[in-house]
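J.: After the structure tokens below, expect a handful of questions from me.
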Amino acid sequence: MTSSETNRQRAAGAGNRAASSSGERTGSVAWELLLPAVSAPARARGRALQAALREAVRSGRLVPGTRLPSSRDLAGDLGVSRGLVTEAYEQLTAEGYLRSGRGAGTWVGGAVRSARPRARDLAPRSPGTRADFVPGTPDLSLFPRASWAAAQRGVLAELPHHELGYPDPRGLPRLRTALAELLARRRGVVADPERIVVVSGVAQASTLLGFALHARGLREVGVEDPGSPQHDDLYAAAGVSAVPVPLDDEGLAVGPLKASGVRAVVTTPAHQYPTGIAYSARRRAELLDWARSVDGFVMEDDYDGDFRYDRAPVGALQGLDPDRVAYAGSVSKSLAPGLRLGWLLVPESLAEEVIERKRTMDLGHPTLDQALFARFVERGDYDRQLRRCQRAYRERRDALVAALEEHFPGSRVSGIAAGLHVIATLPERYGPEERFLARVVAAGVAVRPLSDCTHTRTDTSAQTRLVLGYAHLSPARIVEGVRLMASAR
């Protein structure tokens, strides 16, 4: 007979005694849960036995009211010392899982009501779709696994022990220095490493800025309309309300901005989300003049500023007035949003509040991640990744525009050739919008209408306008998805 069979026989004996003592038919199956504890190393066997008993009670395999074997009997059946079982009984009695009385034995208590834990995945998905044009996601298969792994090995080999402690809440000096050089070179910002804060993406940057504005007495912030719905919730979390400000062909409309009474505004000037326009030079100057006149601030979300396909990217607005413009960016479109890594260049007058909020919020960004990305930037790997994404996304945008021209003749794509999405206006014959969207969903295609990004819907046109993301789709998948939309009648 093998040792495994012997253990099972012992467990069966213990289970039968427990069942007969309590009048409950628990069976030997509950005691099978204890077998891994018996096989654990001697020094860990006590903890393993306690964990196994807890799990048996939590999962309902040992129901309330079940009488357990005596410590002597269970120890003999499992082949462990009686002291080990006694200690386990005492510990679980102290925690409330078991109950015991002098001369009355040990029983499963009735305090536990938890079901077996189940981990749910609440990540945004578009389940059951044949083609997903919802914008905002890059091609995650382009993540540079080999060079990232090489950078990680290098960092683990060279990182000083003291840098594994709590970091400067602004971020590692090495990364802030690398980011200052990168952003000055690629985006034309005025990048003082002392005013760079490493954050977990633009979302955290927005919340930090919201707290800083709130501390200065500001309770409202202007947001582009149409614009990213995310900004409203992020600033609301800091106690700052969003005030929609309309756009015109050059960018944020200055007249309505002045009339709104706000002293801070969130913008996406390099490639406005979702309309796809780039702010004109005149509008940039007007926006900065407004900020100076009201002693206010402009929050620049440069979410995809590196990706321009028809010319060199327009430099960041922050470079024109770093004392009035807070600049935020991240690796969410260039590497992966799951890295939760970004940066915030903060005006000097807001720096103290932002840094203190970052410290109290999370005590600083993870050190290993910062050191890894610093090395990735320093060695030129990040520039190579940006060039790789630039080529891929330009090809996919061209494929989408061509597919729309073929399958939706008369449609119009607006906005500059940049970023990870386009605005497609379909001919009236495909409307009204609600019916078209219902047909598309039924065909298994996920899309986002432009109306989802507006605060106040004033467009009474019968035409359907879609915000179509393409970066995460192959050219072939893009063509097939557009064909499915066109056939959804």
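The values are calculated or read from the model by the stated rules, or taken from the named source; none is laboratory data. Predicted model only: the values in this text are computed from it and were never measured. All Cβ positions, glycine included, derive from the backbone under ideal geometry; neighbour counts span all protein chains shown. Heavy atoms of the whole protein, side chains included, go into the accessibility calculation; ligands, DNA and RNA do not. Shrake-Rupley method; radii C 1.70, N 1.55, O 1.52, S 1.80 Å.
J.: Can we say L209 is under 21 Å from L372 (Cα atoms), touching a residue at least 24 places away in the same chain (Cβ under 8 Å) and under 24 Å from the mean Cα position of the chain (by Cα)? Before you say what the answer is, go through the steps one by one.
T.: Working: under 21 Å from L372 (Cα atoms): no; touching a residue at least 24 places away in the same chain (Cβ under 8 Å): yes; under 24 Å from the mean Cα position of the chain (by Cα): yes.
Spelling it out, it is not the case that L209 is under 21 Å from L372 (Cα atoms), touching a residue at least 24 places away in the same chain (Cβ under 8 Å) and under 24 Å from the mean Cα position of the chain (by Cα).
J.: Collect the residues in segment 166-179 that are at negative phi and in contact with a helix residue (DSSP H, G or I) (Cβ under 8 Å, 6 or more places away or on another chain), keeping them in residue-number order. Spell out how you get there, then give the answer.
T.: Just the residues of segment 166-179 that are at negative phi, to begin with: 166-170, 172-179.
P167, P169, R170, L172, P173, R174, L175, R176, T177, A178, L179, listed by residue number.
J.: State all residues of segment 78-99 that are open to solvent by 50 Å² or more (accessible area, probe 1.4 Å) and polar (S, T, N, Q); if no residue qualifies, say none.
T.: S81, Q91
J.: To continue, here is another question. Which of the residues spanning segment 45-73 are under 16 Å from A104 (Cα atoms) and either among the β-branched types (V, I, T) or not in a strand (DSSP E or B) (or both)?
T.: Within segment 45-73, the first condition is being under 16 Å from A104 (Cα atoms), and the residues that meet it are 64-73.
P64, G65, T66, P69, S70, S71, R72, D73, listed by residue number.
J.: Within the set of pairs 6 or more residues apart or between chains, which connect a residue that is under 21 Å from A42 (Cβ atoms) inside segment 53-82 to a residue that is among the polar types (S, T, N, Q) and in a loop (DSSP other than H, G, I, E, B) with Cβ atoms less than 7 Å apart?
T.: That search, which allows pairs on different chains as well, returns A75/S81.
J.: Count, please, the residues in segment 357-379 that happen to be open to solvent by less than 20 Å² (accessible area, probe 1.4 Å) and free of Cβ contacts under 8 Å to residues at least 12 places away in the same chain. I'd like the intermediate steps shown before the answer.
T.: In the first step, residues of segment 357-379 are kept if they are open to solvent by less than 20 Å² (accessible area, probe 1.4 Å); the result is 358, 364-365, 367, 370-374, 376-377.
Going one step further and asking which of them are free of Cβ contacts under 8 Å to residues at least 12 places away in the same chain, we end up with none.
Number satisfying all stated conditions: 0.
J.: The conditions are (1) open to solvent by less than 30 Å² (accessible area, probe 1.4 Å); (2) closer than 25 Å to V294 by Cα; (3) out of contact with any Leu (no Cβ under 8 Å at 6 or more places or on another chain); (4) among the aliphatic types (A, V, I, L, M), and L208 fails exactly one of them. Which is it?
T.: Going through (1) open to solvent by less than 30 Å² (accessible area, probe 1.4 Å); (2) closer than 25 Å to V294 by Cα; (3) out of contact with any Leu (no Cβ under 8 Å at 6 or more places or on another chain); (4) among the aliphatic types (A, V, I, L, M) one by one, L208 breaks only (3).
J.: Which one of these does Q370 not meet: (1) modelled with pLDDT under 95; (2) touching a Pro at 6+ places or on another chain (Cβ under 9 Å); (3) of a type in the set (S, T, N, Q)?
T.: Failing condition for Q370: (1).
J.: Without any contact (Cβ under 8 Å) to a residue 60 or more places away in the chain, of a type in the set (V, I, T) and crowded, with 19+ Cβ neighbours inside 10 Å: is that true of V422 in this structure?
T.: Numbers: without any contact (Cβ under 8 Å) to a residue 60 or more places away in the chain: no; of a type in the set (V, I, T): yes; crowded, with 19+ Cβ neighbours inside 10 Å: yes.
No: the conditions fail for V422.
J.: Go through (1) open to solvent by less than 50 Å² (accessible area, probe 1.4 Å); (2) under 41 Å from the mean Cα position of the chain (by Cα); (3) modelled with pLDDT under 90 for A111 and report which single condition fails.
T.: Tallying (1) open to solvent by less than 50 Å² (accessible area, probe 1.4 Å); (2) under 41 Å from the mean Cα position of the chain (by Cα); (3) modelled with pLDDT under 90, A111 fails exactly one: (1).
J.: Oh, and also: State all residues of segment 308-347 that are in a helix (DSSP H, G or I) and either of a type in the set (K, R) or within 27 Å of A371 (Cβ to Cβ) (or both); if no residue qualifies, say none.
T.: The initial filter retains those residues of segment 308-347 that are in a helix (DSSP H, G or I), namely 317-320, 337-339.
Answer for segment 308-347, where residues must be in a helix (DSSP H, G or I) and either of a type in the set (K, R) or within 27 Å of A371 (Cβ to Cβ) (or both): Q318, P337, G338, L339.
Rundown of residues vs (1) crowded, with 19+ Cβ neighbours inside 10 Å; (2) in contact (Cβ under 8 Å) with a residue 40 or more places away in the chain; (3) part of a loop (DSSP other than H, G, I, E, B); (4) touching a strand residue (DSSP E or B) at 6+ places or on another chain (Cβ under 6 Å), yes/no style:
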| residue | (1), (2), (3), (4) |
| --- | --- |
| Q385 | yes, yes, no, no |
| Y393 | yes, yes, no, no |
| G410 | no, no, yes, no |
| E434 | no, no, no, no |
| V467 | yes, yes, no, yes |
| E480 | no, yes, no, no |
| L484 | no, yes, no, yes |
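J.: Collect the residues in segment 83-122 that are in contact (Cβ under 8 Å) with a residue 12 or more places away in the chain, outside any loop (DSSP other than H, G, I, E, B) and small (G, A, S), keeping them in residue-number order.
T.: Result: A88, G105.
J.: Consider segment 292-323. How many of its residues are free of Cβ contacts under 8 Å to residues at least 40 places away in the same chain, in contact with a Leu (Cβ under 7 Å, 6 or more places away or on another chain) and either open to solvent by less than 50 Å² (accessible area, probe 1.4 Å) or aromatic (F, W, Y) (or both)?
T.: Qualifying residue count for the region: 3.
J.: With the condition kept exactly as written, say whether any residue in segment 212-225 is under 23 Å from the mean Cα position of the chain (by Cα) and surrounded by fewer than 22 Cβ atoms within 10 Å (Cβ to Cβ).
T.: No; the residues of segment 212-225 include none that is under 23 Å from the mean Cα position of the chain (by Cα) and surrounded by fewer than 22 Cβ atoms within 10 Å (Cβ to Cβ).
J.: Could you say whether any residue in segment 180-192 is of a type outside the set (S, T, N, Q), on the phi > 0 side of the Ramachandran plot, surrounded by fewer than 19 Cβ atoms within 10 Å (Cβ to Cβ) and touching a residue at least 40 places away in the same chain (Cβ under 8 Å)? Show your work before the answer.
T.: We begin by selecting, within segment 180-192, every residue of a type outside the set (S, T, N, Q); these are 180-192.
Of the ones still in play, those that are also on the phi > 0 side of the Ramachandran plot are 188.
Next, from what is left, pick out any that are surrounded by fewer than 19 Cβ atoms within 10 Å (Cβ to Cβ): 188.
This time we only want the ones that are touching a residue at least 40 places away in the same chain (Cβ under 8 Å), so: 188.
Yes.
J.: Can I ask one more? In segment 198-236, what count of residues is obtained for those that are β-branched (V, I, T) and part of a strand (DSSP E or B)?
T.: Looking only at segment 198-236, we keep the residues that are β-branched (V, I, T), and these are 198-199, 202, 207, 221, 223.
Checking the rest, the ones that are also part of a strand (DSSP E or B) come to 198-199, 221, 223.
Counting residues in segment 198-236 that are β-branched (V, I, T) and part of a strand (DSSP E or B) gives 4.
J.: For segment 259-291, name all the residues that are open to solvent by less than 20 Å² (accessible area, probe 1.4 Å), among the β-branched types (V, I, T) and touching a residue at least 60 places away in the same chain (Cβ under 8 Å).
T.: Within segment 259-291, V266 is the sole residue that qualifies.
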